[in-house]
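Step one of this worksheet: look at the structure below.
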Amino acid sequence: MYVPDWEPIGVALKRLIAIGLHEDEAMADLCNAVADQKIELRAVVGGDDYYAGVTVQRSAVEPPPRLTPADIDWTNSRPLSPWSCGRSLEEKERPLDLLELSTQDVEILFPGATKVVVRKGTTDDFRAGKNKGGRPPEYDWDEVKAFCFQVVEERGRPGKENRRLPSIAQLVEAILDHWNEAKGIELAEVTVRKRVNTWLSEV
């Protein structure tokens with residue numbers, strides 16, 4: 001699965017939700033990381049002057065020192081208010097039509113985020129699919145759970161005494177491999193491991 005160097009902030013939000021963060025938490029984390037300049041930025045300048053449509057990145061994009069989820073249009077991946085731009089754009093505040101994040105930096109801050117498959121539709125489309133326990137539409141966790149217990153039934157409960165399934169890590173690996181091979185979906189290991197631990201504690 002190819003992951004581009006830059007993706008809209010709305011796609012980054014989907015990735016964080018897919019690895020297990022609640023939507024509000026994911027939005028706040030992204031805003032804090034952007035404001036603290038922990039993630040390199042790229043943006044398309046809006047407006048109707050000479051610079052409209054110009055792409056700027058890194059030091060030429062200056063986020064406000066305090067950024068909240070309410071400051072972002074998550075559906076269209078852009079700030080709601082103009083942001084300061086660097087010398088190349090006369091150091092003026094300008095509207096931005098698109099805000100993109102470095103996927104490398106997103107992965108460093110949120111391990112596993114770039115390993116999941118997300119739809120490239122709007123964030124509203126993504127939210128609309130979350131009407132069953134907040135699950136992204138790509139993942140039917142009830143189906144994953146059923147497969148998890150199918151493996152346990154066939155191989156036994158994970159444990160050192162079980163030669164066929166000596167650890168939870170191998171159970172997680174079996175789930176990841178199955179979803180990748182059978183469905184072409186790369187589930188986030190950290191999310192699957194968390195859910196498997198929860199499922200096993202219930203029985």
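What follows is calculated from the coordinates using simple rules that are stated; it is not laboratory data. Note that the structure is predicted; figures quoted are calculated from it, not measured. All Cβ positions, even for glycine, are placed from backbone atoms using ideal geometry, and neighbour counts span all protein chains on display.
Here are the numbers for this structure:
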item: Any hit, the stretch 4-19, residues being free of Cβ contacts under 8 Å to residues at least 12 places away in the same chain and either acidic (Asp, Glu) or over 21 Å from Arg193 (Cβ atoms) (or both); result: no
item: So Leu67, is it touching a strand residue (DSSP E or B) at 6+ places or on another chain (Cβ under 6 Å), free of Cβ contacts under 8 Å to residues at least 40 places away in the same chain and either closer than 25 Å to Gly112 by Cβ or surrounded by fewer than 19 Cβ atoms within 10 Å (Cβ to Cβ) (or both); result: no
item: Options Ala60, Ala28, Ala70; residue that is within 30 Å of Glu189 (Cα to Cα) and either over 21 Å from the mean Cα position of the chain (by Cα) or not basic (Lys, Arg) (or both); result: Ala28
